[in-house]
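Working notes, structure below.
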Amino acid sequence: MIESCEIEIRVRYPEVDRGGAVHHSRYWIYFEMGRTELLRARGVDYRDIEDQGVFFVMAKCSARFLAAARYDDILTLSTRITRTGRARIDHAYELKRTSDGLLIATAETTLACVDARGGIIPIPNNVLGKN
């Protein structure tokens, strides 16, 4: 089962602040892109999961911002699953500037699996890779 993936992201102009650096809030969008592509690499489409009434919500997140990413930089985001439980998935992220490998940011998230009313439910087997 695929436990990690890499994607490339080109920094767009609306993602930077007046100083020309990527605004801290945008990194969370990048990390979500990584999680979505990791699911897709595992053969799971998040839209299909939601259509089944299963949702993943952020329970915990932390990040370290180590260097600035700038407009038009190409970044490589590595996303990996570090732990799965009955109703949680933990991810770790490394975001590097592709041209020189400079580490831009690291992060960790914990997602909880919930139903449409927000009640905690077990992660479906297809998401865990158990069919």
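Key figures
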quantity: Where a residue in the range 105-131 is small (G, A, S) and its partner, wherever it lies, is in a loop (DSSP other than H, G, I, E, B), with Cβ under 7 Å and at least six apart; calculated: A105/L66; A112/A87; A116/G53; G129/M1; G129/R42
quantity: Residue within the range 30-42 that is surrounded by 12 or more Cβ atoms within 10 Å (Cβ to Cβ) and aromatic (F, W, Y) present; calculated: yes
quantity: Checklist (1) at negative phi; (2) of a type outside the set (D, E, K, R); (3) surrounded by fewer than 17 Cβ atoms within 10 Å (Cβ to Cβ) applied to G53, failing item; calculated: (1)
quantity: Any hit, the range 5-12, residues being modelled with pLDDT of 95 or more, surrounded by 16 or more Cβ atoms within 10 Å (Cβ to Cβ), farther than 29 Å from K130 by Cβ and of a type outside the set (A, V, I, L, M, F, W, C); calculated: no
quantity: Residue that is closer than 16 Å to Y93 by Cβ and either touching an Asp or Glu at 6+ places or on another chain (Cβ under 9 Å) or small (G, A, S) (or both), where the choices are A63, A68; calculated: A63
quantity: Residue in the range 20-29 that is surrounded by fewer than 16 Cβ atoms within 10 Å (Cβ to Cβ), at pLDDT 95 or above and touching a Ser or Thr at 6+ places or on another chain (Cβ under 8 Å) present; calculated: no
quantity: First in the range 50-64 and touching a residue at least 60 places away in the same chain (Cβ under 8 Å), second anywhere and outside any strand (DSSP E or B), Cβ under 6 Å, 6 or more apart; calculated: G53/D115; G53/A116; V54/P124
quantity: Odd one out for A41, checked against (1) out of contact with any helix residue (DSSP H, G or I) (no Cβ under 8 Å at 6 or more places or on another chain); (2) at pLDDT 95 or above; calculated: (2)
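The rows are residues; the columns are (1) more than 22 Å from R40 (Cβ to Cβ); (2) in contact with a Lys or Arg (Cβ under 9 Å, 6 or more places away or on another chain); (3) not hydrophobic (A, V, I, L, M, F, W, C).
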{"site": "F56", "(1), (2), (3)": "no, yes, no"}
{"site": "F65", "(1), (2), (3)": "yes, no, no"}
{"site": "I89", "(1), (2), (3)": "no, yes, no"}
{"site": "G101", "(1), (2), (3)": "yes, no, yes"}
{"site": "T110", "(1), (2), (3)": "no, yes, yes"}
{"site": "G119", "(1), (2), (3)": "yes, no, yes"}
{"site": "N125", "(1), (2), (3)": "no, no, yes"}
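The values are calculated or read from the model by the stated rules, or taken from the named source; none is laboratory data. Being a predicted model, the structure only gives us computed values, none of them experimental. As a convention, Cβ positions derive from the backbone with ideal geometry for all residues, glycine included, and neighbour counts pool all protein chains shown.
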